[in-house]
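These notes are about the structure you will find just below.
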Amino acid sequence: GVLESFLGTAVSGAIFCLLAGQPLTILSSTGPVLVFERLLFNFSKDNDFDYLEFRLWIGLWSAFQCLILVATDASFLVKYFTRFTEEGFSSLISFIFIYDAFKKMIKLADHYPINSQFKVDYITHYSCACKPVDPVNSSLFNRTTVLSEDELAYSSSNMDNTTIDWAALTAKECLKYGGELVGNNCDYVPDITLMSFILFFGTYTCSMALKKFKTSRYFPTTARKLISDFAIILSILIFCGIDALVGVDTPKLIVPSEFKPTSPERGWFIPPFGGNPWWVYLAAAIPALLVTILIFMDQQITAVIVNRKEHKLKKGAGYHLDLFWVAILMIVCSFMGLPWYVAATVISIAHIDSLKMETETSAPGEQPKFLGVREQRVTGVIVFILTGVSVFMAPILKFIPMPVLYGVFLYMGVASLNGVQFMDRLKLLLMPLKHQPDFIYLRHVPLRRVHLFTFLQVVCLALLWILKSTVAAIIFPVMILALVAVRKAMDYLFSQHDLSFLDDVIPEKDKKKKEDEKKKKKKKGSMDSDNDDSDCPYSEKVPSIKIPMDIMEQEPFLSDSKPADREKSPTFLERHTSC
């Protein structure tokens, strides 16, 4: 439910950012966890289990197993999460964001189809009317359906001699009263689909353009930075305004108006007993093991990505403390029937990007230098508190079109792929050799080996995607763990020299910078050795030569001597210089 998501996100996120070891990590309902929950729901429905109670026990067992991992110092396993594993997992989540955004838009287009056969000259041929299914039963009192008080009140105001005026009913009212929509134009609402795609791509394009506005030549630095920081908010406001101005009835965000569970059959506390047989409480430990693997991988891989050296974080990482609070919050969410929350890769990367610090003063044309990330708890706590408060902003949020939000999802998926080495290596497959960038790994690893490494990563990613989309998705967490095993097996396929450049966690620019400095020192050293071996060693401190004017007047080139005498006489430089 929408309200459950709002409440769970606000409570879990605020507590985590306040007490966790790495507050820059953002908790959310991630794609892999939702895939598992969907499979769990279908399994419960097929076996007549009480889903929420079954889910409660799985959550309790999984939280217990996570606490065991914390107590046994199992977070040391993150040392096996190399760039291969990190980028494979983060790319999968990014592609899920991108795929889901387009999937939602295609589903919307199916719901509001476009009449591709429409011709302006044939508008007189198109019609849609409401008619009773059986003209004999068009009278209200001849219907067998029992009407509610609202239906009776409406019908009495639109009836003449106890007969419904079918032509005056709207499409929803027609179907509500048992009527039938007749006509060749009843299935088409073309404006909604076209307007939705304009809002979708417009929001994405505007967000990308405004985010890059920081490097533009227009406006002062402060204004550019402000526009770049609030790129997504500005894009949402711009296209919400366009949607309101055009006035097309695009689908809007559904926000609950009352603070109560979405399902009327449940409360805010899930009873742990009474809905399922006793053995289900013990058997829940088996699927809980899969959830634990998924939670551990999702949480720790995201934490490793957040704590990368390239972010220049000064404060240490708290892998054990983070997992501890995820386990505690999982118990709370299971009892309240809220989604399970774990570190979200894409949103955490977006949080890091929004907190990056750069030099404010630089030479004309010089790019600002990255200084680090503002490490604090304020932004995360406030974000989640505002998420909870937004429940009471339903009168405002209900005007946000869903295609605008899908555009934001597309932007987040694409933006999180920027700077990922895996994507850079994919682009190399389509680049001629002379146009390839100066990557550090291209200096030391043959190109065919680079392509082989990329190919293996693509195969692993494709297998994960296929597995996620089939009935075998229940073992999806185990396959994510298998990425570590695949990377370990690659030690027998690639040399350690190649892997040190293709799969190293040290940032690309840092390694390149160090290598360039070594080359400069080596070049300078070779120049010094050449000077030592030469007969005329080079000296940076060259003494100044003072030439008196009277000597210059005595030189042949200033006298009236003949050309023949000039050839015989030594020049000034031959007599006054050496070497």
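Computed quantities for the displayed model
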| read-out | value |
| --- | --- |
| Sole residue being farther than 30 Å from residue 242 by Cα, within 21 Å of the chain's Cα centre (by Cα) and not hydroxyl-bearing (Ser, Thr, Tyr), chosen from 449, 425 | 425 |
| Pairs, first at positive phi in region 372-389, second assigned to a helix (DSSP H, G or I), C-beta under 9 Å, six or more apart | 372/311 |
| Subset of region 260-272 (residues that are without any contact (Cβ under 8 Å) to a residue 24 or more places away in the chain and either touching a Pro at 6+ places or on another chain (Cβ under 9 Å) or not charged (D, E, K, R) (or both)) | 264, 267 |
| Failed criterion for residue 271 (all others in (1) in a loop (DSSP other than H, G, I, E, B); (2) over 18 Å from residue 60 (Cα atoms) hold) | (2) |
| Near pairs, Cβ below 9 angstrom, 6+ apart or cross-chain, from region 28-41 (of a type in the set (D, E, K, R)) to any residue that is not in a helix (DSSP H, G or I) | 37/29; 37/339; 37/340 |
| Residue count for region 1-19, restricted to those that are within 19 Å of residue 59 (Cβ to Cβ) and open to solvent by 40 Å² or more (accessible area, probe 1.4 Å) | 4 |
| Region 233-246, subset crowded, with 17+ Cβ neighbours inside 10 Å and of a type outside the set (Val, Ile, Thr), residue nearest to residue 355 (Cα to Cα) | 234 |
| Test: residue in region 247-259 that is in contact with a Lys or Arg (Cβ under 6 Å, 6 or more places away or on another chain), charged (D, E, K, R), open to solvent by 20 Å² or more (accessible area, probe 1.4 Å) and farther than 30 Å from residue 59 by Cα | yes |
| Residues located in region 28-62, provided they are farther than 30 Å from residue 458 by Cα, of a type outside the set (Asp, Glu) and open to solvent by less than 30 Å² (accessible area, probe 1.4 Å) | 44, 54, 55, 56, 58, 59, 62 |
| Evaluation of residue 343 against (1) more than 22 Å from residue 227 (Cα to Cα); (2) out of contact with any strand residue (DSSP E or B) (no Cβ under 8 Å at 6 or more places or on another chain); (3) open to solvent by less than 10 Å² (accessible area, probe 1.4 Å); (4) modelled with pLDDT under 85 (one fails), failing number | (2) |
| Meets criteria (within 25 Å of residue 52 (Cβ to Cβ), in a helix (DSSP H, G or I) and of a type in the set (S, T, N, Q)) for residue 334 | yes |
| Which listed residue, of 324, 296, 230, 273, is open to solvent by 30 Å² or more (accessible area, probe 1.4 Å) and under 22 Å from the mean Cα position of the chain (by Cα) | 230 |
| Matching option when the condition is part of a loop (DSSP other than H, G, I, E, B) and open to solvent by 40 Å² or more (accessible area, probe 1.4 Å), among 463, 430 | 430 |
| Given (1) modelled with pLDDT of 80 or more; (2) open to solvent by less than 30 Å² (accessible area, probe 1.4 Å), index of the condition residue 372 fails | (1) |
| Restricting region 401-427 to residues that are open to solvent by 30 Å² or more (accessible area, probe 1.4 Å) and not in a helix (DSSP H, G or I), the residue that is modelled with the highest pLDDT | 418 |
| Test result for residue 314, under 30 Å from residue 22 (Cβ atoms), at pLDDT below 80 and open to solvent by 70 Å² or more (accessible area, probe 1.4 Å) | yes |
| Failed condition for residue 257, given (1) farther than 19 Å from residue 335 by Cα; (2) without any contact (Cβ under 8 Å) to a residue 24 or more places away in the chain | (2) |
| The listed residue being modelled with pLDDT of 80 or more, open to solvent by 30 Å² or more (accessible area, probe 1.4 Å) and either assigned by the TED database to the domain that holds residue 264 or in a helix (DSSP H, G or I) (or both), out of 65, 22 | 65 |
| Residue match in region 386-396 (condition: at pLDDT 85 or above, in a helix (DSSP H, G or I), aliphatic (A, V, I, L, M) and open to solvent by 30 Å² or more (accessible area, probe 1.4 Å)) | yes |
| Lone qualifier among 396, 347 - being of a type outside the set (Ser, Thr, Tyr), in contact (Cβ under 8 Å) with a residue 60 or more places away in the chain and under 30 Å from residue 263 (Cβ atoms) | 347 |
| Every residue from region 197-247 that is part of a loop (DSSP other than H, G, I, E, B) and of a type outside the set (D, E, K, R) | 216, 218, 219, 220, 230, 247 |
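Rundown of residues vs (1) among the hydrophobic types (A, V, I, L, M, F, W, C); (2) closer than 25 Å to residue 307 by Cα, yes/no style:
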{"site": "372", "(1), (2)": "no, yes"}
{"site": "382", "(1), (2)": "yes, yes"}
{"site": "388", "(1), (2)": "no, no"}
{"site": "415", "(1), (2)": "yes, yes"}
{"site": "418", "(1), (2)": "no, yes"}
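Okay, residues lined up against (1) of a type outside the set (Ser, Thr, Tyr); (2) in contact (Cβ under 8 Å) with a residue 40 or more places away in the chain:
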site: 274; (1), (2): yes, yes
site: 278; (1), (2): yes, no
site: 287; (1), (2): yes, yes
site: 290; (1), (2): yes, yes
site: 296; (1), (2): yes, yes
site: 302; (1), (2): no, yes
site: 309; (1), (2): yes, yes
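The values are calculated or read from the model by the stated rules, or taken from the named source; none is laboratory data. Predicted, not measured: the structure shown is a model, and the values here were computed from it. Glycine also receives a Cβ, built like all others from the backbone with ideal geometry; neighbour counts cover every protein chain displayed. Just so you know, the surface numbers come from the protein's heavy atoms only, side chains and all, with ligands and any DNA or RNA stripped out. Shrake-Rupley method; radii C 1.70, N 1.55, O 1.52, S 1.80 Å.
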